[in-house]
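The values are calculated or read from the model by the stated rules, or taken from the named source; none is laboratory data. All values derive from a computational prediction rather than experimental measurement. Reconstructed Cβ throughout: ideal geometry from the backbone, glycine too, with neighbour counts over all protein chains shown.
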Amino acid sequence: MSDRLIARVGRALFGETWMGPLSRETDIRKGTIDDWDKGRAEPGVGVYEHLLEMAEARLALLEQVVTDLRETIARRRA
C-alpha cells in the first residue's frame with residue numbers, strides 16, 4: 001500500500017479503490033494518477049490545490065454530519 005500523499009488523499013476521499021473515482025472527479029487520466037502513486041511523476045501544485053479544496057469540502061460535510069448526529073443523540077436521550 002502506498003504511503004504517498006496522493007494515495008492518502010485518494011483513500012481519504014474515495015476509499016480503497018480511489019484511483020478511478022479520483023480520475024473521474026478531476027478529469028485526470030488514471031494512468032497519470034498511477035504514475036503519481038508509483039513515484040514515476042509528481043502532481044503539480046494545481047492538482048494539490050484542487051485536492052485540498054475537495055478535502056476541505058468533505059471535512060465541512062463531515063463536521064455537519066457530526067453536529068447532526070450529536071444533536072440527534074442529545075434529543076433522543078432527553
task = Consider only pairs whose beta carbons are under 9 Å apart and that are at least six residues apart or on different chains; among these, list those whose first residue lies in segment 49-72 and is in contact (Cβ under 8 Å) with a residue 40 or more places away in the chain and closer than 15 Å to PHE14 by Cα and whose second residue is of a type in the set (Asp, Glu) and surrounded by 10 or more Cβ atoms within 10 Å (Cβ to Cβ).
result = MET54/GLU25
query = If ASP37 passes every condition in (1) within 17 Å of the chain's Cα centre (by Cα); (2) loosely packed, with under 15 Cβ neighbours inside 10 Å but one, which one does it miss?
reply = (2)
ask   = helices (runs of 4 or more DSSP H) wholly in the chain with at least 3 residues that are of a type in the set (Lys, Arg) and modelled with pLDDT of 95 or more - which ones?
value = 45-77
